[in-house]
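Accompanying notes for the structure given below.
The values are calculated or read from the model by the stated rules, or taken from the named source; none is laboratory data. As the structure is a computational prediction, the values presented were derived from the model and not from experiment. Cβ coordinates were reconstructed from backbone atoms using ideal geometry, including for glycine residues, and neighbour counts include every protein chain displayed.
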Amino acid sequence: MCPGSYDPVTNGHLDIIERASKLFDEVVVAVLINKNKKSLFTVEERLEMLREVTHQWPNVRIDSWHGLLVDYCRAHEIDAIVKGLRAVSDFDYELQMAQMNQQLSGVETMFMSTNPLYSFLASSLVKEVATYGGDVSNLLPPEIEQRLRQRLAQQNADG
């Protein structure tokens, strides 16, 4: 399981998903449904974008979940959560989550160090840079960059 908000999916996300797909028979990439968080893309749009950019890995399945991640894992017989770590600061938070998840359900968390090319990369940062017209073409798959630019233009037009 590779959980996340994927708002939008970045090359950093895809790096972790691809590497996980080489380690496991099946990888579920699941989008968190959080009605309290304002997202740029709907859950359905994020699922569609993920399907579009992961189609080359036949053992990757796209889904969504709400509530506790460990409940989803238990219901779908998933034994491991894969998380990418960009920096030591990520580790502090993710270690707490991993220990809580293990305590609650026995689900293990595997940490993968992010490719150094993407160590600074976060969806929120990409959205901010793109909002101000910055070049994010090397941070996103081309089809995702196009959708991001269209959504930001639409927001600007809607005022």
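General remarks:
- Hits in region 142-152 (condition: surrounded by fewer than 18 Cβ atoms within 10 Å (Cβ to Cβ) and touching a helix residue (DSSP H, G or I) at 6+ places or on another chain (Cβ under 9 Å)): Glu143, Arg149, Arg151, Leu152
- Some residue of region 21-30 being modelled with pLDDT under 95, in a loop (DSSP other than H, G, I, E, B), over 18 Å from Pro141 (Cα atoms) and not basic (Lys, Arg): no
- Residue that is surrounded by the most Cβ atoms within 10 Å (Cβ to Cβ) [pool: residues in region 116-130 that are in a helix (DSSP H, G or I) and of a type outside the set (A, V, I, L, M)]: Ser123
- Considering each residue of region 147-159 in turn, at least one proves to be over 17 Å from Ile17 (Cα atoms) and of a type in the set (Asp, Glu).
- Here Lys35 meets the list (1) at pLDDT below 95; (2) within 18 Å of Val126 (Cβ to Cβ); (3) of a type in the set (Lys, Arg) almost entirely, failing just condition (2).
- Scanning region 1-22 for residues that are touching a residue at least 60 places away in the same chain (Cβ under 8 Å), farther than 14 Å from Thr109 by Cα and among the hydrophobic types (A, V, I, L, M, F, W, C) turns up Val9, Leu14.
- Residue in region 1-18 that is farther than 29 Å from Ala153 by Cα, buried (at least 16 other Cβ atoms within 10 Å of the Cβ), over 14 Å from the mean Cα position of the chain (by Cα) and modelled with pLDDT of 95 or more present: no
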